[in-house]
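Novice: Okay, here's the structure, questions in a sec.
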Amino acid sequence: MSKQPASMDAPPPAVPAKGGSLASELFTLRRDPLPRMSRPRWLARLPHGLVLVLAAFLGYSTSFELTQAYRFSGVLPVLAWIMAWGPIAVALFRPIAGWWLGLATAGLISWMTHDHVRQGESWPWLPSEMVAFALVILLVALRVPARVTASVVALTAAFSGLAQTLFMPVQAGNNLPATTLVFGFVGLLGSVLRALRLARRQLVVQENVAVEERARRTLLEERSRIARELHDVVAHHMSVISIQAQVAPHLVENPSEELKENLAGIRENALEALTELRRVLGVLRSEQSADPANPHHPQPTLADLDGLVDNVRGAGLQVTSETAGIRRPLTPGVELTAYRIVQEALSNCLRHAPGSRVEVGIAYGPRDLHVCVANTAPTRAAPPSPGTGHGLLGMRERAGMLGGELAAGPRPDGGYEVSAVLPMDPPGGSSSETKKKDA
């Protein structure tokens, strides 16, 4: 049987709105955590853990360089480890704040090492410090717009150029081109990854919108098909009213003029209503003559159920049917709805449960009609179905239109079951009319 597609665990996050001015983006402490991994759930925090481990290693490398190359000792190497690790940890949750903290740390470390630089050693960036700050820029680029990333890289290059121009020791090596190239590449990489992430997020949103729109369109098409069928039923009754009003004066001996006028008015109103119904029906009528809902064909009832079951048996499905209670004619809407529910359920068995055994049950209660179609587990794999999988939607619409209920779901044995309860006197109907029809 067809099943409704499973809903997602949570709706996809919305695409971030366009930011404000560049100045406000560069001077913000806004919290923007690094996104978690969506699957598998137990690895959701893996990126954060890897970044923190890498930050600790880079902090240790910076401290080691200060100890070995620049001959620092005591508390300064420990402080340098904290200063190199801190901006990365902050950038995990507040990217712009982490970048500013990294710039301040770079300035402090360059000031500490200014008088300790030997011939050819890099300044103002230590090698490990440069890698650590490149990681900060990557974390920034993953969360902020590309224009903000470009500004961050430009300001960092300006900081390096200003430091080398004004304070660079004579014996130090110039690493401005290398640092600018590394920071620029990392910023570009982060911007590309952010763009891909936002594109995937937008694609998920669009797919959800498409699914909702397809379901809405299917619902409207099903309601239109139901309306075509019910318009045909109503038109039939209006024709009967018109004929009865025309014949009634001939069934009464010496009818009064007042009676004739009233019956003529009834017939005239019935014909006008019938004309309007046909006009509306012409709008709803399908252009496909092979449409099973084409109003030119008489609408089926439960009396045609045996023929439907025989057709399904001929298609290779084992079907048994049983009727309980006192079988009696019902209102056309109930008859048609019950027939369509059984028809759709059997069609789903043919498509999705090949080789299964199907039981069709109709039970006439005092006030309700019970319909049940159940199948066992299929004996072979079902072929791909070109349908949209919204058959249950139409059945629920038909049952709900009469004030009834429909339930569908898998059975413990691997099969599927559809059951409906339809009131014999739907809301808006008249039990007296049903009794007259039975009489």
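Novice: What full-extension length gain, to one decimal in nm, is calculated for H116 and R214 as 0.36 nm per residue of separation minus the Cα-Cα distance?
Specialist: Working: separation 98, 0.36 × 98 = 35.28 nm, distance 6.99 nm.
So the extension gain works out to 28.3 nm.
Novice: Here's another thing I want to ask about it. With a cut-off of at most 16 other beta carbons within 10 Å, and DSSP calling the residue loop, which chymotrypsin sites (Phe, Trp or Tyr not before Pro) in segment 81-162 qualify? Please list them. Write down the numbers at each step before the final one.
Specialist: Working: sites: W81, W85, F93, W99, W100, W111, W125, F133, F159; in loops: F93, W125.
Those satisfying the criteria are F93.
Novice: Which loop-located trypsin sites (Lys or Arg not before Pro) does segment 99-187 contain, where loop means any DSSP state but H, G, I, E or B and the Cβ has at most 16 other Cβ atoms within 10 Å?
Specialist: Values: sites: R118, R143, R147; in loops: R118, R143.
Answer by residue number: R118.
Novice: Could I ask something else about it? Give the peptides 363-371, 409-417 in descending order of average Cβ contacts within 10 Å, highest first. Show your work: numbers first, answer last.
Specialist: Values: 363-371: 15.7, 409-417: 13.7.
Highest-to-lowest ranking by the protection proxy: 363-371, 409-417.
Novice: Let me ask another. Rounded to the nearest 0.05, what FRET efficiency is calculated for A363 and Y60 with R0 set to 45 Å and r the Cβ-Cβ distance? Mind dumping the intermediate values first?
Specialist: Working: r = 78 Å, r/R0 = 1.73.
Computed FRET efficiency for A363 and Y60: 0.05.
The numbers here are math on the coordinates, done by the rules we state, and not lab data. Because the structure is a prediction, the values reported are computed rather than measured. Positions of Cβ are generated from backbone atoms using ideal geometry, with glycine treated the same way; all protein chains shown enter the neighbour counts.
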